[in-house]
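Have a look at the structure below before the remarks.
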Ligand SMILES: [Zn+2]
């Protein structure tokens, strides 16, 4: 029953048409075109579908393009980040290399400095033992050069260089701080040694200029102090000691110094007076012959005269005096 009704309705619809008429403004025949209504409906549906498809496609494409664009931006950012990280790593690498080279250089300098200090300590021992060494071979002047291993014209950019990362960085920092400490210690030891060397040099100088030993080998016939004068018979002071020795026996300087007098004085006969500095003088008198001149520099053990009996003397001997600040003291304390 309902099927027959539907068929009838569809048949009616198929038969109904849409008529479009064109009416000219001037005279002429009216034209008309009849389109089945079903076709109009179908055409409309197709048009709507096409428009919908186009709209959806547009949005879809836009979304795709936007997604692609976004991915590209992310990718670019990632590449930028990688490039930056790479640059950082290269800088860190260069910095580490520089740091290592720096360490190597400073280690070499410290080794050199330690070798210098070793040589200096040997030199000091030599000075104290009395070996002749050059006093000016080393000095504290070079100390500053070892403070930092900086090449000329190069700044140590510790602050601006990117700090090393990870364990290597920590190790590098620790090594650097230990090297700094070692450099400070070395500089301190160098300063101490320089001071010690100056002390040793002055000690040695003092020792070299202090009377020591005998001016000649012989028998002591008169000692220092109060005695009965062998000629006048009066009790009086004796300013030195008398050492009897055959005429012509060599007399040597008992310390380094400068000859203050080589000549003759009343009572002393022919004598030599040596100024040793530090307020010390020695006197060698009654000589048969002097072989040094006034102003001449002499060394300990150097022959300065020969034994005789000139001046107030009873026989060939050396009258030997040691004076401290001009006052005679017992030469026995210096023999
Ligand atoms: Zn005497």
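The values are calculated or read from the model by the stated rules, or taken from the named source; none is laboratory data. In this text the structure is predicted, and so the values were computed from the model without any measurement. Please note: Cβ atoms are built from the backbone with ideal geometry, for glycine as well, and neighbour counts cover all protein chains shown.
Does residue 89 satisfy the criteria of being within 30 Å of residue 167 (Cα to Cα) and at pLDDT 85 or above? So residue 89 passes the test.
Considering the range 287-301, the residues that are within 11 Å of residue 215 (Cβ to Cβ) and touching a strand residue (DSSP E or B) at 6+ places or on another chain (Cβ under 7 Å) include one that is surrounded by the most Cβ atoms within 10 Å (Cβ to Cβ), namely 287. Close Cβ contacts (under 8 Å, 6 or more residues apart or on different chains) running from residues in the range 314-328 that are part of a loop (DSSP other than H, G, I, E, B) to residues that are at pLDDT 95 or above and near the ligand (Cβ under 8 Å from one of its atoms) comprise 316/286. Restricting to the range 208-247, what's the tally of residues that are in contact (Cβ under 8 Å) with a residue 60 or more places away in the chain, away from the ligand (no atom under 15 Å from the Cβ) and loosely packed, with under 14 Cβ neighbours inside 10 Å? The total comes to 3.
Taken over the range 266-286, the criterion of being more than 16 Å from the ligand (Cβ to nearest atom) and crowded, with 23+ Cβ neighbours inside 10 Å is satisfied by 274, 276. Applying the set (1) in contact with a strand residue (DSSP E or B) (Cβ under 9 Å, 6 or more places away or on another chain); (2) modelled with pLDDT under 85 to residue 206 leaves exactly one unmet item: (2). Summed over the range 250-263, residues that are farther than 21 Å from residue 334 by Cα and within 16 Å of the ligand (Cβ to nearest atom) total 0.
For the range 303-325, filtered to residues that are under 14 Å from residue 256 (Cα atoms) and surrounded by 15 or more Cβ atoms within 10 Å (Cβ to Cβ), the residue that is farthest from the ligand (Cβ to nearest atom) is 304. When residue 52 is tested against (1) part of a helix (DSSP H, G or I); (2) surrounded by fewer than 10 Cβ atoms within 10 Å (Cβ to Cβ), exactly one condition is not met: (2).
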